[in-house]
Amino acid sequence: MPEQDDDESPQPRWWQAPETELPMLVATPEILAATEHVAVAVAGVAVYSDGIELRVERRLRRNGLAVKEWNELTGAFMEHMPYGSDDPGGRFRVGMVLADGTKVTDASPFFGGGDPMAEPDQYMLSRREQGGGGGAHAYSTADHLWLWPLPPDGAIEVVVQWPAFGIVETRVRLDVGAVSELSARARPFWAD
């Protein structure tokens, strides 16, 4: 009989979408911002029993840049360093305005010394990059934005800003429908 791994405890539910659940998908493709070299879009929303996850696609194109500039741009795009600066203030930022007017950003309240294992008493928005890559002419990556707990029914306004690439605060309204009804239809993969 194989030994059980004692470290197999699940992540706190406010950290990321449940890996044991099949969500309801809402098609909400919207371009959030586009410049000469960078584009950011929402590809869709997954509604889980206790939160929602937005898939955000980021694209980079070379568009005639010299090799040195392209290499610097790809480093900034993958957030190794902001383009033309070593200031982390140029990073990709995202937030949401919920149907009831609540504002949520991807700036974690735990950075100030709070306990990340204690259940928060407010909405949490966490961003997980889902890898990326590219080559001599294009790069791409995707982010999963986990909003916990489940937001109120109604439209969500997604707000993005990426100072390193000249993307000023931009807002797009997403009609995700009645998330309370959709969340009730999310299903576990396993019955146990």
- Query: Just wondering, is there one or more residues in the range 79-95 that are modelled with pLDDT under 90, among the small types (Gly, Ala, Ser), under 21 Å from residue 167 (Cα atoms) and in contact with a Lys or Arg (Cβ under 9 Å, 6 or more places away or on another chain)?
  - Reply: no
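Looking at the range 96-113 only, could you name the residues that are in a loop (DSSP other than H, G, I, E, B) and either of a type in the set (S, T, N, Q) or modelled with pLDDT of 70 or more (or both)?
We begin by selecting, within the range 96-113, every residue in a loop (DSSP other than H, G, I, E, B); these are 98-102, 106-108, 113.
Selection gives 98, 99, 100, 101, 102, 106, 107, 108.
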- Item | Count - residues of the range 167-192 that are surrounded by fewer than 16 Cβ atoms within 10 Å (Cβ to Cβ) and either touching a residue at least 12 places away in the same chain (Cβ under 8 Å) or charged (D, E, K, R) (or both) | 15
- Query: Going through the range 31-72 one residue at a time, which ones are charged (D, E, K, R) and surrounded by 13 or more Cβ atoms within 10 Å (Cβ to Cβ)?
  - Reply: 50, 53, 55, 57, 58, 59, 61, 62, 69, 72
- Condition set under 16 Å from residue 50 (Cβ atoms) and in contact with a helix residue (DSSP H, G or I) (Cβ under 9 Å, 6 or more places away or on another chain), scope the range 133-155, selection surrounded by the fewest Cβ atoms within 10 Å (Cβ to Cβ): answer is 152
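Can you work out which of the residues in the range 149-192 that are of a type in the set (Ser, Thr, Tyr) and more than 27 Å from residue 92 (Cβ to Cβ) is modelled with the highest pLDDT? Give the derivation first.
From the range 149-192, those of a type in the set (Ser, Thr, Tyr) are 170, 180, 183; that's our starting set.
Keeping just the survivors that are more than 27 Å from residue 92 (Cβ to Cβ) gives 180, 183.
On the way: 180: 90, 183: 93.
Only one residue fits best here, namely 183.
Consider residue 123 carefully, then state whether it is without any contact (Cβ under 8 Å) to a residue 40 or more places away in the chain, open to solvent by 20 Å² or more (accessible area, probe 1.4 Å) and aromatic (Phe, Trp, Tyr).
Working: without any contact (Cβ under 8 Å) to a residue 40 or more places away in the chain: yes; open to solvent by 20 Å² or more (accessible area, probe 1.4 Å): yes; aromatic (Phe, Trp, Tyr): yes.
For residue 123, the condition - without any contact (Cβ under 8 Å) to a residue 40 or more places away in the chain, open to solvent by 20 Å² or more (accessible area, probe 1.4 Å) and aromatic (Phe, Trp, Tyr) - is met.
The values are calculated or read from the model by the stated rules, or taken from the named source; none is laboratory data. These figures come from a predicted structure and were not determined experimentally. Neighbour counts are summed over all protein chains in view; Cβ atoms, including those assigned to glycine, are modelled from backbone coordinates with ideal geometry. Please note that ligands, DNA and RNA were not included when accessible areas were found on the heavy atoms of the full protein model with its side chains. Shrake-Rupley method; radii C 1.70, N 1.55, O 1.52, S 1.80 Å.
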